[in-house]
1. Every residue in the stretch 46-64 that is among the polar types (S, T, N, Q) and either touching a Ser or Thr at 6+ places or on another chain (Cβ under 9 Å) or not in a strand (DSSP E or B) (or both), please.
2. Does residue 32 count as modelled with pLDDT under 95, among the β-branched types (Val, Ile, Thr) and out of contact with any Asp or Glu (no Cβ under 6 Å at 6 or more places or on another chain)?
3. Pairs needed: first member in the stretch 47-66, touching a residue at least 24 places away in the same chain (Cβ under 8 Å) and of a type in the set (Asp, Glu); second member anywhere, near the ligand (Cβ under 9 Å from one of its atoms) and in a loop (DSSP other than H, G, I, E, B); C-beta distance under 9 Å; at least 6 residues apart or different chains.
4. Count, please, the residues in the stretch 12-31 that happen to be part of a strand (DSSP E or B) and within 10 Å of the ligand (Cβ to nearest atom).
Amino acid sequence: MSAHSAADDDTLESCESCGHETPHDVRIEIRTESAKRENAEFSREPYRVARCVACGGESALRMNNA
Ligand SMILES: [Zn+2]
């Protein structure tokens, strides 16, 4: 019975808006991109989204750097 909420898992990262390290809510988000319009082919790319809990600023980082 250890249901930890994600809020407990604070990650300290430097925030550009705040100018110093602040706790961030980090989540993985699958975003759909239309890579090739000709084929109407959509690629689903995982993004690591970190939201600063102090200012609410979000920064998304693509995990697949192909
Ligand atoms: Zn911030």
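1. Filtering the stretch 46-64 for residues among the polar types (S, T, N, Q) gives 59, 64.
Scanning the stretch 46-64 gives a single hit, 64.
2. yes
3. none
4. Of the residues in the stretch 12-31, 6 are part of a strand (DSSP E or B) and within 10 Å of the ligand (Cβ to nearest atom).
The values are calculated or read from the model by the stated rules, or taken from the named source; none is laboratory data. Computed from a predicted structure; not experimentally measured. Reconstructed Cβ throughout: ideal geometry from the backbone, glycine too, with neighbour counts over all protein chains shown.
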